[in-house]
Amino acid sequence: AVLKKRLVKLVVNFLFYFRTDEAEPIGALLLEHCRITKEEENVFSISFIEEPERKYCFECDSEEQCQEWIEALKRASYEFMRRSLIFYRNEIQKMTGKDPLEQYGISEEARFQLGTRRQ
């Protein structure tokens with residue numbers, strides 16, 4: 001394994017990486033169907049279900065920073081955002097009796113392929 005110093009930037013569900021002396025990213029990882037794993041005290045890795053043998057390792061300056069990155073990356077996937085939206089939509093509906101998405105003209109059939117039960 002070759003270690004390279006890179007700067008990273010998380011934008012929604014993409015983790016862009018840059019050379020330390022360049023403004024344009026040299027690549028990006030789409031954080032879908034991936035596993036974020038704590039490897040060592042200041043190190044975590046990202047691996048993908050389709051390519052489990054390929055692992056991207058990241059070293060942080062501190063244990064706290066490492067944990068912050070792990071949490072942020074776990075919340076960055078579309079699946080996590082979708083589950084959160086469904087949860088909060090249902091909670092708002094329970095509290096108010098109204099579907100908060102109705103005002104946006106989103107039909108029942110097209111609502112994020114929901115499999116939720118009406119109460």
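The values are calculated or read from the model by the stated rules, or taken from the named source; none is laboratory data. All figures in this text were calculated on a predicted structure; none of them were measured in a lab. Cβ: placed from backbone, ideal geometry, glycine included. Neighbour counts: every protein chain shown. What goes into the accessible areas is simple: the full protein's heavy atoms, side chains included, and nothing from ligands, DNA or RNA. Shrake-Rupley method; radii C 1.70, N 1.55, O 1.52, S 1.80 Å.
Mind checking which residues of region 60-82 are of a type outside the set (A, V, I, L, M, F, W, C) and either touching a residue at least 40 places away in the same chain (Cβ under 8 Å) or closer than 14 Å to Glu32 by Cα (or both)?
Quick first cut of region 60-82, residues of a type outside the set (A, V, I, L, M, F, W, C) only: 61-65, 67-68, 71, 74-75, 77-79, 82.
Answer for region 60-82, where residues must be of a type outside the set (A, V, I, L, M, F, W, C) and either touching a residue at least 40 places away in the same chain (Cβ under 8 Å) or closer than 14 Å to Glu32 by Cα (or both): Lys74, Arg75, Ser77, Tyr78, Glu79, Arg82.
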- prompt: So, in region 7-29, of the ones that are surrounded by 15 or more Cβ atoms within 10 Å (Cβ to Cβ) and of a type outside the set (A, V, I, L, M, F, W, C), which residue ends up nearest to Ala72 (Cα to Cα)?
  reply: Asn13
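Taking the conditions exactly as written (of a type in the set (D, E, K, R), in contact with an Asp or Glu (Cβ under 8 Å, 6 or more places away or on another chain) and more than 30 Å from Pro100 (Cβ to Cβ)), does Glu63 satisfy them or not? Write out each step before concluding.
On the way: of a type in the set (D, E, K, R): yes; in contact with an Asp or Glu (Cβ under 8 Å, 6 or more places away or on another chain): yes; more than 30 Å from Pro100 (Cβ to Cβ): yes.
Yes.
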message: If Glu32 satisfies all but one of (1) part of a strand (DSSP E or B); (2) of a type outside the set (A, V, I, L, M, F, W, C); (3) open to solvent by less than 50 Å² (accessible area, probe 1.4 Å), what's the number of the condition it fails?
response: (1)
- line: When region 48-96 is checked residue by residue, the ones that are out of contact with any His (no Cβ under 8 Å at 6 or more places or on another chain), part of a loop (DSSP other than H, G, I, E, B) and open to solvent by 60 Å² or more (accessible area, probe 1.4 Å) are Asp61, Arg75
task: Working only within region 84-119, note down all residues that are of a type in the set (Lys, Arg) and either assigned by the TED database to the domain that holds Glu32 or modelled with pLDDT under 75 (or both).
output: Arg111, Arg117, Arg118
